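Worksheet: one structure, shown below.
The values are calculated or read from the model by the stated rules, or taken from the named source; none is laboratory data. Quick caveat: nothing in here was measured; it's all calculated off a predicted structure. Here the Cβ positions follow ideal geometry from the backbone for every residue, glycine too, while neighbour counts run over all protein chains shown.
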Amino acid sequence: MGRLPGKLGEGRARSFRIDYSLGPHMGEMDPGMTLPSVTIVIPTKDRLDALRECLGRITPFVDAHPECEIFVSDDGDASATRAALAKQFPTVQVVQGPHCGPAANRNYGAKQGKGALIVFLDDDCIPETNIIEVYQSAARDNPSIDVFEGRITMQGKMSSFADTAPENETGGFLWSCNFAVRRTLFDRLNGFDERYPFAAMEDVDLRLRIKTLTSMKFLPDARVWHPVQRRTGWRTVKHGALSVLLYLHLHGREKTGNSAGSFLRSILRILYKGALRYSKEGRFKDPGHLGYLSRANLQLALMMLGWRYRRTLAPVLFRPCCKGCESILAVLGTERPPGWSRT
């Protein structure tokens, strides 16, 4: 899931308009209207124990509702996962993912199903047992709304500067670990942008494209718990920074609201948060991670100042270490978004 917002290392992305109303046609709804069919997509790779826990929470409801289906898209060894789940979850369909990153893996899983509503969950999330029912009912009762944003609660305690977990308690964040979208809109948008090879910014990108077409409705009862994760090292931070750079390249600085100053201010916030708040909370592990985050934001600020030369600067400031890095740099070097070739 793309945890990182426009400024690297800060915990929340910029919100946009959320529709908390019942929709303009709610008063005309037939209370006997049938529930929409649902395709549940769970991308996974090498996390069988977590996947089992997630599936165990939703399969009782799904097995009792033939209009619902579950697809696990596995970017690891799908045959091994299928064999491991067959006895406990016989109705779960496991398909081999494309090995092109989380965005492509989610898209592939969604294409396997036929449900009018697509629900995306992450394999390491622990959903409420009624989460699919909540999404189904909301989609039925709000025909004018195409996207439904679920609640995400952090599970566990952070003890390191490198600890992170997506949270969404009040709405405004379309994290990919818990949301639903009507298939018609998802197909119209061509799903997640598969040019994002890492688990970063692919959902922020999707949200930006969604908000130009429709509003969203936040569903506090469609809840999952997400465990704290520790992601250390420059490589991880660099992948996030390159994903931010790709996002800026594809959508433009003005549209995304980023500037050199915004990244420099992020450094101050990261250091302030790290030196004061985290220390008060007893989070002393991996202090070097603050340095990695500060370095990445500084390099992004430099990229913004020299935006005209980003195709030359990017491989110098962010040396590629894998095919994912190379694919992003290739987009920067060859694709010129409309209106950005001279800026």
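Some notes on this structure:
- Test: T153 is β-branched (V, I, T), under 22 Å from D49 (Cα atoms) and not in a loop (DSSP other than H, G, I, E, B): yes
- Residues located in segment 15-52, provided they are at pLDDT below 50 and of a type in the set (A, V, I, L, M): I18, L22, M26, M29
- Qualifying residue in segment 275-285 (condition: in contact (Cβ under 8 Å) with a residue 24 or more places away in the chain and in a helix (DSSP H, G or I)): yes
- Listed by first and then second residue, the pairs with beta-carbon distance under 6 Å, at least 6 apart or on different chains, first residue in segment 179-197 and in the same structural domain as L117 (by TED's automatic domain parsing), second of a type in the set (A, V, I, L, M) and in a loop (DSSP other than H, G, I, E, B), are R183/A116.
- Selection status of E67, touching a Gly at 6+ places or on another chain (Cβ under 9 Å), on the phi < 0 side of the Ramachandran plot and of a type outside the set (S, T, N, Q): yes
- Selected residue (only one of E149, E133 is under 27 Å from I270 (Cβ atoms), of a type in the set (D, E) and modelled with pLDDT of 95 or more): E149
- When F120, F192, F148 are checked against the criterion of being crowded, with 18+ Cβ neighbours inside 10 Å, touching a helix residue (DSSP H, G or I) at 6+ places or on another chain (Cβ under 8 Å) and farther than 30 Å from L245 by Cβ, F148 stands alone in meeting it.
- The set of residues in segment 58-79 that are hydrophobic (A, V, I, L, M, F, W, C), crowded, with 19+ Cβ neighbours inside 10 Å and within 13 Å of P127 (Cβ to Cβ) comprises I58, V62, I70.
- Restricted to segment 210-255, and to residues there that are modelled with pLDDT of 95 or more and among the charged types (D, E, K, R), the residue that is farthest from D146 (Cα to Cα) is R235.
Residue-by-condition table, conditions (1) outside the structural domain of G288 (by TED's automatic domain parsing); (2) out of contact with any Leu (no Cβ under 6 Å at 6 or more places or on another chain); (3) under 30 Å from G288 (Cβ atoms):
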{"residue": "A116", "(1), (2), (3)": "yes, yes, no"}
{"residue": "F120", "(1), (2), (3)": "yes, yes, no"}
{"residue": "C125", "(1), (2), (3)": "yes, yes, yes"}
{"residue": "E133", "(1), (2), (3)": "yes, yes, no"}
{"residue": "A138", "(1), (2), (3)": "yes, no, no"}
{"residue": "S144", "(1), (2), (3)": "yes, yes, no"}
{"residue": "F148", "(1), (2), (3)": "yes, no, no"}
{"residue": "R151", "(1), (2), (3)": "yes, yes, no"}
{"residue": "P166", "(1), (2), (3)": "yes, yes, yes"}
